[in-house]
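The values are calculated or read from the model by the stated rules, or taken from the named source; none is laboratory data. Source: prediction; values computed, not measured. Note: areas computed on protein heavy atoms with side chains; ligands, DNA, RNA excluded. Shrake-Rupley method; radii C 1.70, N 1.55, O 1.52, S 1.80 Å.
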Amino acid sequence: GATMIKSFRGQIVDGGQDTIVLHTIDGSTGYRIVKFQTMSADPYAGDAAEHITKIYKTEQTAFDGAVDFSDNTLLGAAIVNNHTNGYSDPSVPVIIFDQEIFNQDIYVTHVDTQGAVACNYYIELEQIKLDLSQNTVATLKNLRNEARTLLPP
């Protein structure tokens, strides 16, 4: 059948988190990130904005500018360097783990390591109908991730 794409967009404050509600009662709908784009809320304002925007499978309680690809709850990350004072880096590195399939809510976080400028985001998700075994795997992964964030190491 035709590929179904769902898109989400928003603006998130420095140190903020948005929830993208995706869960269903039976968990039979899965998603995969196919696009993740970010842009400063004030692209040409001064020289003080370095945005780190991340997408997680679990709700976050602490926000920082560190990116750790070994974190199995991380689904993607994007950085925007908004400096306008001569050492501007116009590149916008975005990395998404597009083979990760999930069937629960996801969480977008943002930190501006230089100032307190908000950041816009745009996400496209491919919707995937999960069979029972895929549903079980995605749900168990989510439960494991939730337990990992709740239990002490």
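Summary table
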item: Within the accessible area of the range 1-136 (1.4 Å probe), percent carbon and sulfur; result: 51 percent
item: Long-range HN-HN contacts of Ile106 with modeled amide H, under 5 Å; result: Ile20, Leu22
